[in-house]
Structures are given as structure tokens and as C-alpha cells.
Amino acid sequence: MNEFYQKDIISIKDYTKEQLETIFTSTDKILNLSPFDRREICKGKTLGYLFYEPSTRTRLSFDSAMASIGGNSLGISDITSSSTQKGESLADTVRIMSIYSDILVLRHPLDGSSRFAAEISDKPVINAGSGTEEHPTQAIQDLFTIKKEKKKIDGLKIGIVGDLKYGRTVYSLLHGLGNYDVDVRLISPESLRIRSDSTYEIKKRLDLTETTDIEEHLDDLDVLYVTRIQKERFPDEEEYLKVKGSYVVGLDMLKRMKDDAIILHPLPRIDEISADVDKTKNAKYFEQAEYGKYTRSALLGMIINENGF
Amino acid sequence: MNEFYQKDIISIKDYTKEQLETIFTSTDKILNLSPFDRREICKGKTLGYLFYEPSTRTRLSFDSAMASIGGNSLGISDITSSSTQKGESLADTVRIMSIYSDILVLRHPLDGSSRFAAEISDKPVINAGSGTEEHPTQAIQDLFTIKKEKKKIDGLKIGIVGDLKYGRTVYSLLHGLGNYDVDVRLISPESLRIRSDSTYEIKKRLDLTETTDIEEHLDDLDVLYVTRIQKERFPDEEEYLKVKGSYVVGLDMLKRMKDDAIILHPLPRIDEISADVDKTKNAKYFEQAEYGKYTRSALLGMIINENGF
Amino acid sequence: MNEFYQKDIISIKDYTKEQLETIFTSTDKILNLSPFDRREICKGKTLGYLFYEPSTRTRLSFDSAMASIGGNSLGISDITSSSTQKGESLADTVRIMSIYSDILVLRHPLDGSSRFAAEISDKPVINAGSGTEEHPTQAIQDLFTIKKEKKKIDGLKIGIVGDLKYGRTVYSLLHGLGNYDVDVRLISPESLRIRSDSTYEIKKRLDLTETTDIEEHLDDLDVLYVTRIQKERFPDEEEYLKVKGSYVVGLDMLKRMKDDAIILHPLPRIDEISADVDKTKNAKYFEQAEYGKYTRSALLGMIINENGF
């Protein structure tokens with residue numbers, strides 16, 4: 001029996017470096033299996049998704065991950081047409097969905113929603129994004145991508161640029177990186193700096209530098225993780241336009257970076273990375289999306305299939 | 001060949017006690033099969049759903065039922081983005097869906113819609129709720145739950161409380177109970193009493209008592225079936241609040257009931273049953289939801305699979 | 001290896017008569033396979049759909065086609081709740097969807113969108129309707145239906161009636177018919193005549209007659225292909241009502257046609273064909289829908305399965 005069997009995935013903070021490495025090894029195994037053998041792992045099993053926030057990207061990643069290991073998916077991708085509209089509690093919806101499926105995937109705007117759901121559900125629960133800080137499977141996908149593309153995580157210099165205040169992806173990634181010996185540069189406009197209350201714990205484990213100036217770090221970075229800056233976050237449009245331009249990753253910026261630096265992005269991208277970067281050997285955001293499918297296949301397989309694979 | 005093979009399910013009124021018992025036996029068989037054997041029953045078959053009213057709950061129950069017996073589901077869960085918007089008739093939509101699937105599941109606001117669809121479709125049709133009175137698979141699920149939890153239906157004292165005027169669930173359940181020797185208490189506010197025109201037939205077969213006072217019946221009941229009272233049904237909010245409170249099933253009420261009485265609810269629940277009842281041995285509404293999945297699996301299996309299972 | 005393996009389907013103009021006949025032969029093979037054997041063709045494969053215009057009919061046709069050959073479908077049926085709302089480009093969405101699936105099915109309002117997607121995607125792309133003129137799988141379905149029901153296409157007299165200006169179906173069908181020796185009558189109100197710029201090429205290959213008068217052609221036609229006339233297309237409602245009436249296909253009209261003429265319609269139908277025609281031996285529009293499922297199964301099978309079937 002593998003250690004993830006029937007376990008929930010609630011927060012990236014719950015994982016040790018050793019456990020993360022186990023997940024990476026399983027993902028490599030999945031990648032090396034034939035499609036035929038993959039489909040045996042969760043044959044006939046059902047994933048139930050409950051998305052209280054729309055996220056087509058994440059939902060389809062889980063759906064395709066489950067399909068590739070032989071299972072199927074059902075659920076509510078958009079609560080506006082569902083019973084929850086009639087006022088049903090999260091608890092009841094989770095209970096019912098745990099009857100309809102072998103594993104639950106929950107996306108919810110509130111912090112703590114996944115842990116709450118896991119306590120209620122008698123099927124394992126995967127947090128597919130909750131509240132302001134948690135998106136553990138995204139962090140696992142990001143870490144796996146770094147490991148895969150740089151052959152290691154320890155010792156790397158990692159820049160994270162964009163909106164560091166509102167994106168839950170960044171917080172989860174930082175907590176994940178806390179397991180490794182890395183040097184992290186947080187690059188954002190002043191108004192979108194990482195929340196200090198949320199980084200109190202991370203700072204104990206990570207070497208963090210905060211800056212508004214991406215230029216001074218470019219030549220030093222092994223990984224540049226780019227996130228979207230949403231216009232809505234700025235009270236003043238002029239402020240937005242000024243900031244936006246300065247963080248767009250283009251060929252010019254790429255030239256000033258290490259030859260083997262990699263560019264990541266959780267996607268969807270708007271224009272934070274110009275399209276001409278896509279074809280460079282540094283662009284790894286589409287590989288990142290593909291690894292996301294396979295890290296999720298590995299997680300689902302380990303949780304659902306007692307024997308692992 | 002089993003007697004349900006390729007037959008429609010239109011109305012609970014079409015079933016004899018003997019047929020209901022056959023369905024219960026098949027459901028028990030399904031429950032006792034291994035997941036592996038279950039998935040052979042409708043392997044590769046397709047359920048097509050047409051929901052002219054949104055009902056995530058019922059749709060997912062059918063979807064998961066079909067998945068558990070090896071089939072898959074496709075269809076229209078919400079007509080607002082479909083061809084019917086362009087003015088297509090129900091007849092045409094049914095004809096097309098019967099091309100795309102092996103069995104049709106229809107939810108429609110109009111009385112008679114399912115029977116109409118069944119005449120047109122060359123695939124069997126299951127009524128997943130139509131008009132004001134028909135929801136046969138819900139009634140079968142409810143009867144199976146009573147049978148399973150009380151070991152019998154005949155001889156029971158059954159209270160049905162809440163909105164008895166507008167819920168189609170109640171009418172279908174009453175017609176189903178008409179096959180048994182039961183004593184039924186209909187408990188509702190005056191303005192939400194059961195429609196007398198609809199109960200004319202039922203009254204010939206069932207011992208029905210109508211009341212607004214739940215208290216006087218509590219100590220006598222073997223089953224309390226609770227339904228939602230929707231605020232929208234009351235012209236006067238004060239009237240609503242008065243009524244609402246008096247029918248909330250809580251631990252206090254439970255204490256005055258028989259020790260082995262069971263509480264049912266078709267779900268979704270809002271606050272007709274307090275959450276602290278959930279953990280009592282009397283609360284059987286989540287079991288009821290689970291039985292719903294398996295009664296539907298049994299029905300689908302018998303209709304689609306010539307040999308039954 | 002079959003010649004369609006891993007190839008895109010972008011435009012009906014890309015196909016020779018010989019290739020169309022190969023597709024028809026494969027569709028016949030699919031029709032003759034047992035459901036069990038069919039399900040082996042694309043077992044475990046995933047179709048990813050991206051619908052930038054809602055089209056429940058076309059999406060379900062693909063979904064059921066894929067299910068019948070053992071595959072499953074996932075995707076975005078309605079972009080309003082998707083990442084594209086956040087401003088993601090078609091290119092990125094296509095890239096991601098090609099990670100999640102083995103074949104892409106794209107519906108998009110812009111001309112050229114499918115060819116663009118095919119250049120970006122590393123999985124084959126099927127155009128499920130784009131811009132004003134292209135709907136290749138619909139044309140293949142229509143041609144197959146004619147072939148199947150009339151035993152030939154060459155030599156037939158084919159009337160196409162209704163809105164010839166705005167329906168992409170008609171343009172694709174005409175280009176498909178360009179491979180055959182047919183006599184085509186285009187029957188429409190003056191304001192909904194076929195666009196002359198779009199028929200310049202077709203006219204070189206097809207014997208086309210344009211008319212507003214359906215009566216004079218009725219007794220001559222082997223095939224009458226009916227399309228919807230949408231009220232919204234008319235600035236003046238009176239104009240609409242006049243036109244609408246004159247093209248409704250009813251029993252009266254049928255009497256004046258050849259005994260073995262067939263009536264086709266891409267569906268959904270509103271009232272262009274009266275319901276009493278449905279039961280005549282001439283009505284073949286529901287067969288047409290069914291053939292649509294199987295031509296799509298054949299296309300998917302040939303593209304995904306190297307060995308064909």
C-alpha cells in the first residue's frame with residue numbers, strides 16, 4: 001500500500017520534501033507507461049468535481065488526467081445552475097458528491113473549504129484551489145516542471161514576477177519551494193507585493209528578496225515564473241499601464257538572461273509573455289501544462305489505487 | 001429476457017407492487033456485485049439526458065448510476081445554450097437524442113412530456129421529473145430506502161411534512177405507497193396542503209390523514225419524510241417564517257419520536273432538518289441518496305441489458 | 001496506414017471525389033461492425049472540443065460518435081465560463097487542449113480559425129464549423145446520406161431551398177457536390193440568395209440554377225435539401241412572413257415531387273418542413289442525423305487509429 005492511498009490533498013504545506021519526491025517519481029513512472037497500461041490504473045473509477053469558482057483549465061486538467069488513467073469524471077463545473085443555488089450547504093453537496101464518485105476535486109473561494117470538505121467526505125478530497133493561498137496540485141506541477149527541466153531544484157535562483165498579492169498559485173509555490181534550498185526573488189509592483197502576513201512562515205524557510213525591479217535580477221535567474229497582472233487590481237489605469245509594460249517578458253529580456261534559464265507561467269496568459277518567446281528553448285509553460293496533467297494522473301492513481309502503479 | 005427490457009419508465013402509477021419488488025431485488029443484486037462485475041452490465045452503452053429544467057442532483061445521480069454499470073452519459077443539462085433555443089420542438093430533440101444514445105432521460109416542466117417523448121423515441125425513455133406530479137425514479141428510490149431501512153413497507157406509519165402542494169416528489173411517493181398497506185399523515189401549512197384533485201385516486205388506495213400539526217403525530221411515526229418549504233410560495237413573509245419554524249426537524253423533535261423512526265428527505269435540504277440530526281441513527285437521507293444511485297443503476301441495467309444481471 | 005491518419009479536416013474543398021468515397025466506404029464498415037468491435041477503434045482515446053459558438057447538436061454528434069468507437073470527450077462547450085473570458089488567445093487555448101486530448105474539434109465564428117488551429121496544434125484538428133462557409137463534416141454527412149438513400153450522387157437533380165446567404169452548411173455542401181456530376185437548383189428569396197463571391201469557384205464545377213420559385217422545380221428534383229430561414233435576417237417582418245410560407249415543405253408540395261425524391265435538412269428545423277412529412281418515406285432528415293454520427297465515427301477512427309478499421 002502506498003502512503004497516499006485514500007489520503008486527501010489539502011495544502012502543499014502538508015508535504016515533506018521526501019513526499020514530493022515520491023510524487024515526482026510516480027509521475028515519471030506514469031510518463032513511461034504505455035497508454036494501455038496507464039488506463040488500467042483507475043479503470044472504471046469516477047472523479048467528482050465541485051467547482052464553486054469557474055476554472056476550465058484546472059477542471060480539464062483533472063478530467064484529462066483521470067481519462068488517461070482509465071477513469072471518468074462528472075460533477076458541477078459551474079454552480080449557477082445547481083442545487084447550491086437553492087441554498088444547499090457545502091457540507092451537503094460534498095456528502096452527495098462523495099456518493100457519486102470515488103474521489104472529490106473541490107475548487108472554492110474560501111480558505112479552509114477543502115479541509116472542511118475532507119472532514120465530511122468519506123471519499124478523499126483534492127483541493128483544486130481554495131481561498132487566497134492554496135492550490136497544492138498547481139504547486140506540485142510547478143515543482144515537477146522545475147525538477148524535470150533543470151534536473152534539480154536545490155541551488156536554483158528563482159524569480160517570481162507579477163501579481164504576488166492576489167494569486168494563490170504563488171503562495172502555494174513558495175510553500176512548496178520551502179522544502180528546497182533555493183534563492184527566491186519576488187518581483188512585483190509596490191501595490192501587488194506579497195502579503196507579509198502570509199509569508200511570515202515562508203521566510204523562515206526560504207531566502208526571499210523582494211523588489212520592484214526585474215532588470216537587476218535577470219542575468220542571475222535559473223527560473224522565471226511569470227504571473228498575470230489583472231487590470232482590475234489597479235484603482236488607477238495609468239498606474240496599471242506603467243506597471244504592465246515593465247514586466248512583459250519578450251525576446252529582449254530573454255537575451256539578458258542565462259542561456260538555459262526557463263520561463264514558466266501557470267496560464268492562462270494574456271500578454272505577460274510575448275508570443276515570440278513561445279518558440280525559444282527557454283519557454284516551458286506549455287510543458288508545464290502537460291506535466292500538470294501527468295502529476296495529477298500520478299496523484300489520482302496513488303490515492304485511488306491501493307497498489308499504486 | 002427481463003420484463004423491463006427496452007421499456008419506458010413514465011409514471012410510478014404504471015407499476016404493481018410485484019414489479020416494484022422486482023426492482024428492489026435487482027437493486028440488492030447490484031449492491032452485492034463487485035465494482036468490476038457491475039461495470040459489465042451496460043459496458044459501452046450511452047445514456048442521453050435532456051433537462052428542460054435544471055436538476056444537477058438528479059442528473060448526477062443518473063450519470064453516476066450509468067458510470068457504475070460501465071456506461072457513459074451525454075446530453076443537454078441546460079437548454080439555454082442548445083438548439084431548442086432556436087425553437088426546435090421537443091419531438092425533434094427527442095428524435096435526435098435517441099440517435100445519440102441507448103436510453104433517454106428526460107426532465108421537463110410539462111405533464112405528459114415523458115409519455116409524449118416515449119411515443120416518439122425509438123429508444124426507451126426514463127422520466128426524470130415531469131410536470132407537477134411525476135418523478136417515478138425518485139419514488140422508487142424512496143420506497144427502496146424505506147424497505148431497506150425498515151425491512152418492510154406494509155404496516156408502517158409514514159408522515160410527509162412540508163410543501164405538499166408543489167413538490168412532484170410527494171405525489172409520486174404517494175402513488176408508490178398506494179401499492180402498500182400504510183398509514184400516511186400529510187402534514188403541511190394550510191396553504192401548502194396537497195391538491196385535492198390530485199389525490200382523488202390515491203385516497204381510494206391509501207389511508208390518508210391531513211393535518212397542519214406535526215406534534216400530534218410524532219410519537220406514532222415509523223418514517224418522517226421531510227420536504228422543503230420554499231419562501232417564494234408564500235405571498236406574506238411573516239406567514240412563511242411562522243410556518244417554517246414549526247416544521248424544522250431537530251433533536252428535540254427527534255426525542256419525541258420512536259427510537260427507530262427514520263427521517264428521509266429528497267434533498268437538497270435547506271434548513272428543514274437541523275444539521276445536528278445528521279449524525280443520529282435516525283437520519284437516513286444520505287443513505288436515501290446513495291440508494292437512489294443504485295436503484296437507478298438497477299433500472300438502467302434492466303432496461304438496457306436484455307439478460308438483466 | 002490509412003491516408004487520413006493524423007490528418008486535419010479543415011475544409012470540404014480539400015477532398016477529392018476518391019477521398020470522399022473512401023470516407024463513405026469506412027462509414028459503411030462502421031455501420032456493419034458490432035457495437036463491441038466498434039468500441040475497439042478508439043478505445044481510451046480522448047476528443048477535446050472547443051466551441052466558440054454554441055452548437056449542442058454538432059457537439060453531441062461528435063460526442064456520441066466518439067463514444068460509439070470507445071473514446072471519450074471533454075472540453076469547453078461554451079466559452080462564457082472559460083479562461084478565454086480572461087482574454088486567452090485562441091492559439092494558447094488550442095495548445096492546451098491539444099495536451100488534454102488526442103484530437104481537437106473546433107467550432108469558431110471566424111473564417112480560417114481551423115486552419116490556424118491546425119498549424120498550432122500537434123494533434124489533428126477537425127473543423128466543426130467556422131466562419132461563413134466551412135462545415136466539412138456536415139457536408140460529408142449530407143453527401144453520405146444522398147449516396148446511401150439514392151444509391152448514387154452523380155446524375156441527381158438537387159434542390160437547396162431556404163436561406164442560402166448565411167448558412168455555412170450550404171456552401172460546404174455545394175463544394176462537396178462539386179466533385180460530382182449533379183444539377184443543382186438554388187431556391188431562395190431574393191434577399192437570401194447565395195453570395196456570388198462565394199460561388200465563383202463552385203460555378204466552374206457545378207451546374208447551378210438560381211431561382212426564387214420552388215414550384216417550377218418540384219417535379220424534377222431527386223433531392224430537396226431544406227434549410228432554416230431565420231426571422232432575424234429580415235429587416236421587415238411582413239417580408240419574412242411572405243417568404244417563409246412559400247417554402248414550407250408539406251404533404252401538398254410532396255405530392256408534386258417524384259415518388260422517390262428525398263427531403264433532407266441539417267436540423268434543427270423550426271417549421272420549414274411540416275411534421276406530417278416526417279412519416280413519409282421521403283423524409284430522410286433523421287436518417288441524415290444518424291448518418292452524421294457514423295460518418296463522424298469513421299472520420300475520428302481513421303484519423304486516430306493508424307490501422308483504420
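A few remarks follow.
- Members of segment B:275-309 found to be among the hydroxyl-bearing types (Ser, Thr, Tyr) and either in contact with an Asp or Glu (Cβ under 9 Å, 6 or more places away or on another chain) or under 22 Å from B:ASP28 (Cβ atoms) (or both), listed by number: B:TYR285, B:TYR291, B:TYR294, B:THR295, B:SER297
- Within segment A:148-164, the set of residues being surrounded by fewer than 20 Cβ atoms within 10 Å (Cβ to Cβ) and out of contact with any strand residue (DSSP E or B) (no Cβ under 7 Å at 6 or more places or on another chain) comprises A:LYS148, A:LYS151, A:LYS152, A:ASP154, A:GLY155.
- Restricting segment A:87-115 to residues that are of a type in the set (D, E, K, R) and within 17 Å of A:GLY131 (Cα to Cα), the residue that is nearest to the other protein chains (Cβ to nearest Cβ) is A:ARG107.
- Only residues that are touching a Lys or Arg at 6+ places or on another chain (Cβ under 7 Å) and surrounded by fewer than 24 Cβ atoms within 10 Å (Cβ to Cβ) were counted across segment A:165-179, and they come to 4.
- Test: residue in segment B:241-262 that is of a type in the set (Gly, Ala, Ser), farther than 19 Å from B:ILE146 by Cα and more than 24 Å from the chain's Cα centre (by Cα): yes
- Pick from segment A:116-129, criterion away from chain B (no Cβ under 14 Å) and surrounded by fewer than 24 Cβ atoms within 10 Å (Cβ to Cβ), ranking: farthest from B:ILE229 (Cα to Cα): A:PRO124
- Residues in segment A:104-123 that are of a type outside the set (D, E, K, R) and within 26 Å of A:GLY167 (Cβ to Cβ): A:LEU104, A:VAL105, A:LEU106, A:HIS108, A:PRO109, A:LEU110, A:GLY112, A:SER113, A:SER114, A:PHE116, A:ALA117, A:ALA118.
- Residue check, A:ILE120 touching a Leu at 6+ places or on another chain (Cβ under 7 Å) and of a type in the set (A, V, I, L, M): no
- Selection within segment C:41-91 - of a type in the set (Asp, Glu) and modelled with pLDDT of 95 or more: C:ASP63
- Restricting segment A:183-203 to residues that are in contact with a helix residue (DSSP H, G or I) (Cβ under 9 Å, 6 or more places away or on another chain) and assigned to a loop (DSSP other than H, G, I, E, B), the residue that is surrounded by the most Cβ atoms within 10 Å (Cβ to Cβ): A:SER188
- Just one of the listed residues (A:SER64, A:SER34) is crowded, with 20+ Cβ neighbours inside 10 Å and not assigned by TED's automatic domain parsing to the domain that holds A:LEU143, namely A:SER64.
- In summary, helices (runs of 4 or more DSSP H) completely within segment A:97-179 and bearing 2 or more residues that are farther than 24 Å from A:GLU190 by Cα occur at A:113-120, A:136-150.
The values are calculated or read from the model by the stated rules, or taken from the named source; none is laboratory data. What you are looking at is a predicted structure, and each value in this text was computed from that prediction instead of being measured. A quick note on method: Cβ atoms are made from the backbone with ideal geometry, for glycine too, and the neighbour counts reach across all protein chains shown.
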